[in-house]
Amino acid sequence: MRNKHQKAFYSSKIWEKCRQAYISQAKGLCEECLKNGKITPGEHVHHKIPLTPETVDDPELALNFDNLELLCRDCHAAEHRKYERPTRYKVDELGRAIVES
């Protein structure tokens with residue numbers, strides 16, 4: 001879950017410019033799917049090393065293209081599952097998590 005400071009970063013102009021530049025560099029395609037021979041539009045610019053409240057202000061981590069990857073909705077959800085407590089969920093067509101019981 002993001003704190004106020006992280007939310008402010010993700011809605012900042014500098015992040016939006018960085019995000020758009022990265023999407024352009026990645027040619028708009030999911031980089032994980034491309035590794036597996038699939039062509040899928042990318043939707044989320046993901047930080048490989050997750051940002052924390054302590055690191056969100058570090059431009060070497062937050063804005064460095066080496067720490068970013070463009071992922072489709074499914075690949076992005078799979079990446080985040082690696083860092084979350086084990087919970088079963090699916091992602092709906094709008095990218096929202098649906099918790100399964």
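Please treat every number below as a calculation from the coordinates, not as lab data. Keep in mind that what you see is a predicted model, and the values were worked out from it rather than measured. All Cβ positions, even for glycine, are placed from backbone atoms using ideal geometry, and neighbour counts span all protein chains on display.
Work through the residues other than S24 whose Cβ is under 13 Å from its Cβ and net out their charges, Lys, Arg +1 and Asp, Glu -1.
Working: positive: K17, R19, K27; negative: E16.
That sum, taken over residues with Cβ under 13 Å, equals +2.
Counting every other Cβ atom within 10 Å of each residue's Cβ, K17, K82 order from fewest to most as K82, K17. Number of Lys-Lys pairs in segment 1-67 with C-alpha atoms under 17 Å apart and a separation of 8 or more places or on different chains: 6. For segment 26-35, putting each phi into the Karplus relation 6.51 cos²θ - 1.76 cosθ + 1.60 with θ = phi - 60° gives couplings of 7, 6, x, 10, 5, 6, 5, 4, 4, 4 Hz, in residue order, rounded to whole numbers and with x for Gly and Pro. Left without a cysteine partner by the 4.7 Å Cβ rule in the chain: C18, C75. Taking DSSP loops as anything outside H, G, I, E and B, show the longest stretch in the chain free of GluC sites (Glu not before Pro) there with at most 11 other beta carbons within 10 Å. Between the exposed loop sites, the longest stretch runs 1-53.
Can you show me the helix-derived [θ] at 222 nm for the chain, built from DSSP H runs with n ≥ 4 at -39,500 (n - 2.57) apiece and divided by the number of residues, rounded to the nearest 500. Provide the component values of the computation, followed by the final result.
Working: 5 runs with 38 residues, N = 101.
Value at 222 nm, helices only: -10000 deg cm²/dmol.
Considering Cα pairs under 8 angstrom that are at least six residues apart, work out the relative contact order of segment 4-73 and quote it in whole percent. Working shown, then result.
Numbers: 89 pairs, mean separation 26.3, N = 70.
Relative contact order comes out at 38 percent.
Put a dot 7 Å past the Cα of K7, heading toward its Cβ, do the same for L94, and the two dots end up 1.8 nm apart.
Classify the chain as rounded, prolate or oblate, taking a ≥ b ≥ c as the square roots of the eigenvalues of its Cα gyration tensor: rounded when a/c is under 1.5, otherwise prolate if a/b is larger than b/c and oblate if not.
On the way: a/c = 1.84, a/b = 1.12, b/c = 1.64.
Because a/c hits 1.5 or more and a/b fails to exceed b/c, the chain counts as oblate.
Which order do R73, R96, R19 fall in if you start with the one that has the fewest other Cβ atoms within 10 Å? Let's see the in-between values first.
On the way: R73 19, R96 10, R19 16.
Going from sparsest to densest Cβ surroundings: R96, R19, R73.
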